[in-house]
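Take a look at the structure set out below.
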Amino acid sequence: MPSKKVQKIDENLLIERLAAFKPEPLVKVERPLKTQSQIEISSVIEDDNTIDLAKSNFLNILNNKDIQKTCESTIRKYGVGTCGPRAFYGTTDVHLELEEHIAKFLGMQESIVYSYGFVAISSSIAAYCKRSDVVFTDTNCNIAIQQGLQMAKCTIVYFDHQQPETFAAAVRQINEKEKDRKKRARKFLVVEGVSWKTGKILPLPQFLKIAEDNKIRVFLEESYSIGVLGEKGKGLMEHFNIEPWRLDMIIATLEAAIGSIGGFCAGSHMTIEHQRLSGSGYIFSASLPTFLVQACIESINLLEAKPHHKLRKLSQNFQDILLDIGYEVQSDPLCPFKVFNIKESGSDERKAKEIKIYDYCKQKGLYLILKEYGLLINLNVNLYDDKKKFEKIEQILRNVHEKVKLEN
């Protein structure tokens, strides 16, 4: 056994070598200069003078003290994380409880929970769609869907999110190409319930009718409709009174209204079981930390109190105010995030003015998001009862609109 003196020398030598260790980067990254249109990433601490409408916290679950205490108790019992994939040693009884909870909530046979919302969407698509398949999707589909389709290497056919007739035309075109083939390609419709880019709600019944008439499997991505739409917050399916069996799979993150981390897929037993063997994001990723799983369970239970009813009223009221001020609003009145623009004929002038609006709001303590396609605000249900804060937001947006308008 080495002496204490030798151990101390070895430790000092290790510290010196670690301090001197400056490895060359594996990849040289040339970072572009920051432009004015890029969003500054910073931590915003809300107080009496600061309002953060950049983060997604629709039902105010991130500030729920009861859920925070439950998560603390779960950490004391299970630790922070399992550090292992679900199929190895990453599954606890809480994971199984959440999967059963989600399936029951949505009226599906089974569900599967992923540790990250992005891979829940991308790897579940790649688990089913193959090179020989045809997938119909929205021109402006989110990046996770794009990634899943890229991994699948399938034939992609685009349509307009709000126009079922463009989907029908695309289906007819593919059918015409295949009319002389003995074996036709499998076909999938992969589409968002609420578009991440515009906040518009998909006219689901019309799309379902076309898909069913042409034997097309339907994967509905509901990240921004779960916990928001429907009498019980079940999403677009409940909003349009669609029977669960008509959808092959519902995919969503748990990072929007549910206020946690991760994602899930829900469908038939066969559909979900296939992912336990073929979903790369499920097989190769460490499982979702147990305390975040418990947070999801508690968040879904909170929907019974119907906070989303207040959120929908808030969304409609806020949309009316934006229109009254003079902004153009892309989002649906029921959507809890608002994508809006300044009325301007030239795109360059519009963008310049939206940068000024973003900067002015920030100076006044109102944080929102500046995108290439417009300004974005994420509403919080607490604004429904906090009239003082709601009026302050309205006044800032009115003042900046008038200020930009006078600069013409």
(message) Being surrounded by 12 or more Cβ atoms within 10 Å (Cβ to Cβ), touching a Ser or Thr at 6+ places or on another chain (Cβ under 8 Å), among the hydrophobic types (A, V, I, L, M, F, W, C) and at pLDDT 95 or above is true for just one of L379, L375. Which residue is that?
(response) L379
(message) So, E165, is that one touching a Cys at 6+ places or on another chain (Cβ under 7 Å), under 26 Å from V339 (Cβ atoms) and assigned by TED's automatic domain parsing to the domain that holds C129 or not?
(response) no
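Looking only at residues that are of a type outside the set (G, A, S) and in contact with a strand residue (DSSP E or B) (Cβ under 6 Å, 6 or more places away or on another chain) in segment 362-372, which one is surrounded by the fewest Cβ atoms within 10 Å (Cβ to Cβ)? Steps first, answer last, please.
Within segment 362-372, the subset of a type outside the set (G, A, S) is 362-364, 366-372.
Remaining after also requiring in contact with a strand residue (DSSP E or B) (Cβ under 6 Å, 6 or more places away or on another chain): 366-369.
On the way: L366: 22, Y367: 20, L368: 23, I369: 17.
The selected residue is I369.
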(request) Filter segment 175-207 for residues that are assigned to a helix (DSSP H, G or I) and either surrounded by 20 or more Cβ atoms within 10 Å (Cβ to Cβ) or in contact (Cβ under 8 Å) with a residue 60 or more places away in the chain (or both) and give the result. (result) L204, F207
(request) Can you work out which of the residues in segment 372-408 that are outside any helix (DSSP H, G or I) and of a type in the set (A, V, I, L, M) is farthest from the chain's Cα centre (by Cα)? (result) L375
(request) Residues that are under 22 Å from A152 (Cα atoms): find the helices (runs of 4 or more DSSP H) completely inside segment 246-325 holding 3 or more of those. (result) 269-278, 280-283
(request) Only residues that are at pLDDT 95 or above and hydroxyl-bearing (S, T, Y): list them for segment 224-267, please. (result) Y224, S225, T253
(message) Being more than 22 Å from H308 (Cβ to Cβ) and touching a strand residue (DSSP E or B) at 6+ places or on another chain (Cβ under 7 Å) is true for just one of I226, I216. Which residue is that?
(response) I216
(message) Looking at segment 79-93, I want the residues that are part of a loop (DSSP other than H, G, I, E, B) and have a partner that is surrounded by fewer than 11 Cβ atoms within 10 Å (Cβ to Cβ) with Cβ atoms under 9 Å, at least 6 apart or on another chain. Which pairs are those?
(response) A87/L277
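The values are calculated or read from the model by the stated rules, or taken from the named source; none is laboratory data. These numbers were taken from a predicted model, which means no experiment stands behind them. All Cβ positions, even for glycine, are placed from backbone atoms using ideal geometry, and neighbour counts span all protein chains on display.
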